[in-house]
Amino acid sequence: MASSIIADRSARTRSELTCNQSTTGGGSVETTPFGTTTEGTPIERWRLDDGAGLTVSILTYGGIVQSIEVPDRDGKRSNVALGFATLAPYLDRHPHFGTITGRYANRIAGASFTLDGESHSLAANDGRNSLHGGPEGFGRRVWAARAADGDEAGVRLSYDSADGEEGFPGKLALEVTYRVTAGNELRIDYRATTDRPTVVNLTNHTYFNLAGEGAGSILDHQLQLHATRFTPVDATLIPTGELRAVAGGPFDFTHPTAIGARIRDAGEQQLRFGRGYDHNWVLDKPAPGALVPAASVHEPGSGRILEVHTTEPGLQFYAGNFLDGTLVGTSGRAYRQSDGFCLETQHFPDSPNRPSFPSTVLRPGEVYRTTTIHRFATDRA
């Protein structure tokens, strides 16, 4: 197995960070250097190969999914995750490409909430709101890493978030495990405990383009969401508290529909607020915590299919509305509006301020656990 990597490794020399490779079951794990932070901390890339066509690269900086290589219907492999070829652009501000987002993924209104009668002020980084845990959220932290247990190729990341980090109460001990399986699945398991009542909402913020990273617009991708309701938002993208039926409108993806079919519907205020889709769908679930289908996406040109299953109650579908051509990706091509989409499995935005939403409170003695699976396939018969 590849050796465990700890976050504080400034004493290690660059020559020690040579490639390590191991095999496990039908897959393999390879670790290679991926540069150093401005503080001098070495970052590694863990390359997970399932031996059946899926290869995923994970960075110890931000827990970032840096690439996902999968075959098309003709067997040609391409990277389908947006991101960068080197570490430096990740150290700058970017739209959370591939990151673990937290302590609270998505938005908290007014960058504040009250828990057990105590008010907590958070770092605001989206106007007056907190987004994805604040300006120095989990996607900008160095995570410790070691090979995951079991026969599947995987890496287990860990990070201890201090009491008061970005304004959140409680020391939070985190583990996020990425695994690839022989079924061409990327499985992400999240686990957290706290020493003080707090709120937790974790997700992964990978941008996908099933035609291939840098291939252009995703508006022709066919999307299906297993959700008959969504949470409308105000002009600052904070939920109003309503759970609105999607039937018949531009938010109805209960049947496969091109992402771009209705995204420019000028009569829909919700699309104007988000400059397109940037909303939480309420997943249809038989019971809280059940692992159920959440979404499927088909790209007609390549034949690639992505299916998402999750234990979470919600899913944020974001159509890359704020990509503006200023960032150049792994392929050397600029990312423009709607060149990638996100399917962020989650609890609902602003749940700490909405008692009617599923709770995100974690207390001492409890364990936060969620699972999301990304399954890749093609339409080849």
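The values are calculated or read from the model by the stated rules, or taken from the named source; none is laboratory data. Predicted, not measured: the structure shown is a model, and the values here were computed from it. FYI the Cβ positions are ideal-geometry reconstructions off the backbone, even for glycines, and counts take in every protein chain you see. The area values use the complete protein model at the heavy-atom level, side chains included, leaving out ligands, DNA and RNA. Shrake-Rupley method; radii C 1.70, N 1.55, O 1.52, S 1.80 Å.
Observations on the structure shown:
- Among the criteria (1) touching a helix residue (DSSP H, G or I) at 6+ places or on another chain (Cβ under 9 Å); (2) outside any loop (DSSP other than H, G, I, E, B), the one residue 157 does not fulfil is (1).
- Whichever residue in segment 165-192 is without any contact (Cβ under 8 Å) to a residue 40 or more places away in the chain and charged (D, E, K, R) and, among such residues, is least open to solvent (accessible area, probe 1.4 Å): 175
- The residues of segment 45-77 that are of a type in the set (Gly, Ala, Ser) and either under 17 Å from residue 174 (Cβ atoms) or touching an Asp or Glu at 6+ places or on another chain (Cβ under 7 Å) (or both), listed by number, are 62, 63.
- Within the option set 133, 83, 51, being touching a residue at least 24 places away in the same chain (Cβ under 8 Å), assigned to a loop (DSSP other than H, G, I, E, B), touching a Gly at 6+ places or on another chain (Cβ under 6 Å) and more than 26 Å from residue 341 (Cβ to Cβ) holds for one residue only, 51.
- Condition met for residue 357 (open to solvent by less than 50 Å² (accessible area, probe 1.4 Å) and more than 19 Å from the chain's Cα centre (by Cα)): yes
- Condition check for residue 149: over 30 Å from residue 379 (Cα atoms), without any contact (Cβ under 8 Å) to a residue 12 or more places away in the chain and either of a type in the set (Ser, Thr, Tyr) or surrounded by fewer than 21 Cβ atoms within 10 Å (Cβ to Cβ) (or both): yes
- The set of residues in segment 299-337 that are open to solvent by 10 Å² or more (accessible area, probe 1.4 Å) and either on the phi > 0 side of the Ramachandran plot or at pLDDT below 95 (or both) comprises 325, 332.
- Meets criteria (touching a strand residue (DSSP E or B) at 6+ places or on another chain (Cβ under 6 Å), in a strand (DSSP E or B) and small (Gly, Ala, Ser)) for residue 295: yes
- Just one residue in the set 55, 36 is open to solvent by 50 Å² or more (accessible area, probe 1.4 Å) and at pLDDT 80 or above; that residue is 36.
- On the stretch given as segment 338-381, residues that are basic (Lys, Arg) and assigned to a strand (DSSP E or B) total 2.
- Test: residue in segment 92-103 that is open to solvent by less than 50 Å² (accessible area, probe 1.4 Å), touching a His at 6+ places or on another chain (Cβ under 6 Å) and either in a strand (DSSP E or B) or over 25 Å from residue 323 (Cβ atoms) (or both): yes
- Selection over segment 248-292 of residues that are assigned to a loop (DSSP other than H, G, I, E, B), more than 16 Å from residue 342 (Cα to Cα) and either open to solvent by 30 Å² or more (accessible area, probe 1.4 Å) or of a type in the set (D, E, K, R) (or both) gives a count of 18.
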